[in-house]
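Quick note: the coordinates plus some simple rules give every number you see, no bench work behind them. Every value quoted in this text rests on a predicted model; they were computed, and no experiment measured them. Using ideal geometry, Cβ is built from the backbone for each residue, glycine included, and neighbour counts are taken over all protein chains shown.
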Amino acid sequence: MSGATRWAPRPLPTWKTPSTSRCSLRAAPTPSPDHLPAHNRRFMSWEDAWQQGRTGWDAGQSSPLLQHLVASGELRGRHALVPGCGAGYDVVTLAESFEVATGQDLAPTARARFEEVRAQAGISPERALYLTGDFFHDDPGAPFDLVWDYTFLCAIDPSLRPRWAARMAEIIAPGGILAALIFPVLQDHPEREAERMAQGPPFPLRPADVEALIATDFTTRRLEPVPARLSHPGREGLEWLGLFVRR
Ligand SMILES: C[S@@+](CC[C@H](N)C(=O)[O-])C[C@H]1O[C@@H](n2cnc3c(N)ncnc32)[C@H](O)[C@@H]1O
């Protein structure tokens, strides 16, 4: 993507802009409004990041793994959701195999980029929707046959992970799938994990921890490393796929 920002090369992915300024939620450039829910006080940082083009997470295209899963027919159905969809590349990919794919994001400014991506793909607004809203509070039109999480779980504060799991159980229909492209996985490098947990987002994830988070309501279908050829360049070896079926 022209002008796309890139994550820093391995082994420590960071959300950098071309000017090397970090997309750090810890250094919110604008004060957090008091009326926002406590977990959401960093909202202004996400919106600021979008407004200022500090979107170093943006790979400029849909996940190669998701493209593969859709092309192979493994992910299909009526209604899919991508929470924290950003520019919405993955929403557009899912619109190929779902009747409706919805992207939800807190940042109003991300919508303009989403609409560009959708239009370039030739997908109608009825089939690829963008909802400005908070995953934890706003109803994106549940129930869903599929929720695709990529760089959303790693973006939220780790204290919110149990709420992320509870929300997934609320909005996914029985028999529906939570597909998590778990990233960044740094579990073979504990010293890097500690550093990244202190510095995130992205906050590193352990596949077994993600599985444990949702074990009460979901059965694991697949939990495995992503082949390098199906990772975004620069993210090879840092991604796992989890497919979990809602009981
Ligand atoms: C790291 S970006 C990932 C964007 C996209 N998934 C991608 O891979 O390019 C995380 C996105 O989540 C959004 N976000 C953060 N907290 C959210 C929340 N509580 N509800 C909805 N979106 C949220 C941010 O605005 C941001 O666009």
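Quick notes on this structure:
- Linear extension gain, ALA71 paired with GLU236, 0.36 nm per residue minus alpha-carbon span: 57.3 nm
- The range 64-246, dipole about Cα centre (Lys/Arg Cβ +1, Asp/Glu Cβ -1), debye to the nearest 20: 200
- Cβ crowding within 10 Å ranks HIS137, HIS232 as HIS137, HIS232, fewest other Cβ atoms first.
- For the range 33-171, the Cα gyration tensor yields ellipsoid semi-axes of 23, 18, 13 Å (square root of five times each eigenvalue, largest first, whole Å).
- Three principal axis extents describe the C-alpha atoms of the range 64-246; from largest down they are 46, 33, 33 Å.
- Gained length - GLU195 relative to ALA166, 0.36 nm times residue gap less alpha-carbon distance: 7.7 nm
- Order of GLU195, GLU170 - criterion: other Cβ atoms within 10 Å of each residue's Cβ, fewest first: GLU170, GLU195
- The range 74-156 - charge dipole about Cα centre, Lys and Arg +1 at Cβ, Asp and Glu -1, debye rounded to 20: 160
- Cα gyration tensor shape of the range 136-178, rounded if a/c is under 1.5, else prolate or oblate by comparing a/b with b/c: prolate
- Computed lengthening from SER159 to GLU99, 0.36 nm per intervening residue step minus Cα-Cα distance: 18.2 nm
- Per residue, the convex hull volume that the Cα atoms of the range 185-247 enclose (Å³): 96
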